[in-house]
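Undergrad: My structure is below; once you've seen it, I'll send some questions.
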């Protein structure tokens, strides 16, 4: 049996670094949290090559003297546990700072070159200590303003097994940017700056309100499309408070990466909290859409454990169901006081009476109904009307002067009117048909885009009269820039226009009236969620679905009877027209028998 022996200190530190320092963003998180806990009012971050070459964090916090600097670079040494609590039961539960494990600095110094400079307020000079991959390289006085500066270079340079698994500089930069954003939202009273190389990415002033900081970091439009959350519940252990800014259901994104959750000031990615947000927005959002929000949950420290994960990104609650219920209730109540666009759940008993086209099922009449000449003419008319529909609302739908068609001529009947400028009401020979105009047209546009892509190598493009500049995050611009050729294949032409913008020159012909900014924002979300793991053909399917959503007739658009009938006729000859691209039904039918039951005739 092999002998048990102690490991060298350098190897112990590298093992510890594996728990704390996974990538440059992990090291940056620890350094910025230290600056926050030091009482800084200004924090500056500088990155080179996404943090792979250099990470530098400068703050104006309390600073450290030489003895404290030496202790800070030793394992399990911390200033974040008060001396009166050290050794006491429940000491870790009463920690109010962002970090307290006492392993970050020595762990980083064991796998990189770390230079730590600091000067307490009122001290005559500062002190500098450099540790090169676990070995002391420098120790002496230096000139530095009050505060602390930490520089990390050559991360994992002597640990090639770890270095080769790091991602590209762009990906690492995106992760670092996310870290700074989360911490900046948690502390709106602190000024943050972020530089990547010579470019300034963020400059946030201190002393801002919570809602203003959230909107500035996530999306400036969130301020006008969100509701302020301010909810308190008294418990036996103390008050539980939920604050933040929650986007309206109509202000949504394609991925959940725009949801920022905090517990007692710490950014977390917790399944329970994510599930609570999903539950609060249930039946208000499509399955493939996600809310945009930043929520801050504050509760007694004794009611949760924040030390269950080395990076403190997960928490454990004593009363998990109570916390979830509190968040769901607070969010729903806040959204109900916001805007009339918040969706309401449909009545289950009423919906049970409707016949819904099952997802993926082909309508029984689609296989044996060849489109007659009249159908082809109406389909052509509908495609011609689309350009007018997307530009300006027409008048209130009225019956055409021509002789109305008989309902028995078409499986989906003939249009008799429009409800709430969203639903087409049609009379069929065997019942009443209601069509969701946006969902139906979304499917038709998707099938048309698929057909155009299969029929020709490059889809037709509609050049913009004036190229439009679309501002996005730099990581989103990077992803879209890499997909330029794939997008051009479907008629979407754009080019890079600075670090955080794209210049759109043409859109697909089928989407001539789409909003380029919204289109590119959702396409970037699709690439974040699916781009890295899927083949090109699979990615294109997601891209086409997003394009179709932007090119379809929106709810709230008033249609003429001719346009409504043309849409019904195209639905009858289009594959998979029974459901939209998100799996929801495009039409429902109430049979004559069911109508008679509603009025007591049967």
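Please treat every number below as a calculation from the coordinates, not as lab data. Keep in mind the model is a prediction, meaning the values are calculated, not measured. Every residue, glycine as well, gets a Cβ built from its backbone with ideal geometry; the counts of neighbours run over all protein chains shown.
Undergrad: Given the peptides 418-426, 184-192, arrange them by the average over their residues of other C-beta atoms within 10 Å, most packed first.
TA: Values: 418-426: 17.1, 184-192: 20.9.
Peptide ranking by packing, descending: 184-192, 418-426.
Undergrad: If each residue of separation counts as 0.36 nm, what is the full-extension length gain between residue 137 and residue 236 once their alpha-carbon separation is subtracted? All intermediate terms of the calculation are to be shown ahead of the outcome.
TA: Numbers: separation 99, 0.36 × 99 = 35.64 nm, distance 5.35 nm.
Result for the pair: 30.3 nm of gain on full extension.
Undergrad: Right, here's the next one. Given the convex hull of the Cα atoms of the stretch 113-263, what is a quarter of its surface area in nm²?
TA: Details: hull surface 57.2 nm².
Reported value for the Cα convex hull: 14.3 nm².
Undergrad: In nm, what is the difference between 0.36 nm times the number of residues separating residue 319 and residue 515 and their Cα-Cα distance? Present the calculation step by step, with values, prior to reporting the outcome.
TA: Working: separation 196, 0.36 × 196 = 70.56 nm, distance 4.52 nm.
That works out to 66.0 nm of additional length.
Undergrad: Taking each pair of distinct Cα atoms in the stretch 247-299 once, what is the resulting Kirkwood hydrodynamic radius in Å? Show your work: numbers first, answer last.
TA: Working: mean 1/r = 0.0877 Å⁻¹.
Across the stretch 247-299, the inverse of the average 1/r is 11.4 Å.
Undergrad: Something else about it: Between residue 189 and residue 593, what FRET efficiency comes out of the Förster formula 1/(1 + (r/R0)^6) with R0 = 60 Å and r the beta carbon distance, rounded to 0.05? Intermediate results must be reported in sequence, preceding the final value.
TA: Details: r = 66 Å, r/R0 = 1.09.
Computed FRET efficiency for residue 593 and residue 189: 0.35.
Undergrad: Also, I was wondering about something else. Cut-off is 10 Å between beta-carbons; in what order do 313, 243 appear when sorted fewest neighbours first? Spell out each step's value before the answer.
TA: Details: 313 15, 243 18.
Going from least to most buried by this count: 313, 243.
Undergrad: Could you give the semi-axes, largest first, of the ellipsoid that matches the stretch 210-336, computed as the square roots of 5 times the alpha carbon gyration tensor eigenvalues and rounded to whole Å?
TA: Working: eigenvalues 107, 47, 42 Å².
With the √(5λ) rule applied to the stretch 210-336, the semi-axes are 23, 15, 14 Å.
Undergrad: Which peptide among 169-176, 109-116, 587-594 comes first, and what is the full order, when sorted by highest mean count of other Cβ atoms within 10 Å?
TA: Details: 169-176: 20.4, 109-116: 24.5, 587-594: 16.9.
Ranked from most to least packed, the peptides come out as 109-116, 169-176, 587-594.
Undergrad: Quick check: pseudo-label points 7 Å beyond the Cα along Cα→Cβ at residue 220 and residue 41, how many nm apart are they?
TA: 2.7
Undergrad: Now, a different point. Report the percentage of all Cα-Cα pairs in the stretch 121-161 whose separation exceeds 15 Å, rounded to a whole percent. Before the final figure, lay out the partial values.
TA: Details: 428 of 820 pairs.
Result: 52 percent of Cα pairs exceed 15 Å.
Undergrad: Moving on to the next point. Between residue 485 and residue 257, what is the spin-label point distance in nm, taking each point 7 Å from the Cα along the Cα→C-beta axis?
TA: The answer from the label model is 2.3 nm.
Undergrad: What's the center-to-center distance, using Cα atoms, between the stretch 113-148 and the stretch 45-68 in Å?
TA: 11
Undergrad: Sticking to Cα atoms, compute the Rg of the stretch 214-283 to one decimal and its Dmax as the biggest Cα-Cα distance, whole number, in Å.
TA: When restricted to Cα atoms, the stretch 214-283 yields Rg and Dmax of 13.1, 40 Å.
Undergrad: Moving to a separate point now. Students often check this: by mean Cβ neighbours within 10 Å, which of 489-496, 55-62 ranks highest, and how do the rest follow?
TA: Values: 489-496: 19.6, 55-62: 22.0.
Put in order of decreasing packing, that is 55-62, 489-496.
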